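Here's the structure we're looking at; comments come further down.
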Amino acid sequence: MSLKNDLLLRAARGEKTERTPIWLMRQAGRILPEYRAVRERLSGFKELVETPELAAEVTIQPVDLLGVDAAIIFSDILVVPDAMGLPYELIEKVGPRFEKTIRSASDMDGIRIADPDDISYVYDAIKITKKALNDRVPLIGFSGAPWTLFAYMVEGGGSKTFSEPKRMLFQNPELAHRLLDMITESTIAYLKRQVEAGTDLIQIFDSWAGILAPDYYREFSLKYIKRICTAIDTVPVTVFAKGAWFALEDMADLDCQTIGLDWNMDATKVRSILPNKTLQGNLDPCALYGSFADIKKETRTMLDAFGDHPHIANLGHGVYPDTDPEKVKCFIESVKELSA
């Protein structure tokens, strides 16, 4: 059965669309009271991620409540390290934390290439979501980029500098490549299973791309992203590398269809750097703190910057949890109105 709204997929393929499609990173969650009502019934974030029926429910909420052109499966990038033998917990208002970290070769004991069956709850959530969506909009699957997962696994949690993973790149690059290779193989198998379960598009999140110097980014991140893009060849792939403005020219060679831009990237310039890629983004999430009139004005400025280049509208990063849902709706409706 064909999708009733396939704007996102057509835009990802570089086709001309009647208007610009829009979805939001982190749309399935924190801004919606309906999401919080589900979350408050549970022990925590991980229980929601690992309960397919509830993950599907919160995945679909933004489609029903906000009117976005795609759903993105509710999950977390850290399910891959978890399946590799490095369990995590998500601490409210703090972020992820790993009790064990990878700092030396001996820390690799017990770390394995993930068995994709160990993440079956995600595929179950995808199947339930696809059935409930009834082909209304596409479903996006995702993973973290190997470098970003590596950064958490070595640091043990969030950080302003991620000095521990960066230390390893300088002091023990062989171990770094060994772990990155294992993460990459785990991620490829995981994403392939997502596609088999029904996702229509895949996004790779390289949240900590911008903390690496250009040469180190090419060596320790981009080459692994390239392997994933090459392996996922049955659905469109989007690469979102926050802060990696310096690597945009290199991204022209990735076997992916769409490049996501953060709000620091100038779409008017990127269009000439990546003429053969669909571009995604890139409104500053803080623009949604403005008035309704200001949001509409900022949306017009964003759309004008992308011009007639194939474009998927989004924020330049995830929507912030204290954003008024009505302001989010204003952005979505403004894209639909102004791009038609």
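Bear in mind that the values in this text are calculations on the coordinates, not laboratory data. Note that the structure is predicted; figures quoted are calculated from it, not measured. No Cβ is skipped: glycine too gets one built from the backbone with ideal geometry, and neighbour counts run over all protein chains shown.
Given a cut-off of 24 Å, name the pairs among LYS130/LYS297; LYS93/LYS160; LYS46/LYS327; LYS166/LYS242 whose C-alpha atoms lie farther apart than that in the structure shown.
Beyond 24 Å: LYS130/LYS297; LYS46/LYS327.
Going highest first, how would you order 265-273, 302-310 by mean Cβ packing within 10 Å?
Per-residue Cβ counts within 10 Å, averaged per peptide and sorted highest first, yield 302-310, 265-273.
Fewest first, what order do VAL122, VAL38, VAL63 take by the number of other Cβ atoms within 10 Å?
Placing the least packed residue first, the sequence is VAL38, VAL63, VAL122.
Compute the angle between helix 173-197 and the longest alpha-carbon principal axis of the chain, please, reported from 0 to 90 degrees and rounded to the nearest 10.
Rounded to the nearest ten degrees, it is 50.
Which value results for Rg/Rh of region 77-122 when Rg is the Cα radius of gyration and Rh the Kirkwood radius based on the inverse mean 1/r?
Rounded to two decimals, Rg over Rh is 1.00.
Which angle between 0 and 90 degrees, to the nearest 10, do you get for helix 120-133 versus the longest principal axis of the chain when only C-alpha atoms count?
Its long axis makes an angle of about 10 degrees.
Based solely on its DSSP helices, what 222 nm [θ] is calculated for the chain when runs of n ≥ 4 H residues each add -39,500 (n - 2.57) and the sum is averaged over all residues, nearest 500 deg cm²/dmol?
Calculated at 222 nm, the ellipticity per residue is -13000 deg cm²/dmol.
Taking H placed 1.01 Å from N in the peptide plane, check which residues at least 5 places from ILE312 or on another chain put their amide H under 5 Å from its amide H.
LEU279, GLN280, GLY281
Expressed as an acute angle from 0 to 90° and rounded to the nearest 10, what is the orientation of the C-alpha long axis of helix 146-155 relative to the principal long axis of the chain?
Tilt of helix 146-155: around 50 degrees.
So for the chain: antiparallel DSSP bridges make up what percent, rounded to the nearest 5?
Counting only bridges with both partners in the chain, antiparallel ones make up about 15 percent.
Kindly write out, for region 216-223 in residue order, the coupling ³J(HN,Hα) from the Karplus curve 6.51 cos²θ - 1.76 cosθ + 1.60 (θ = phi - 60°), rounded to whole Hz, with x marking Gly and Pro.
Those phi angles translate into 6, 5, 4, 7, 10, 10, 4, 5 Hz.
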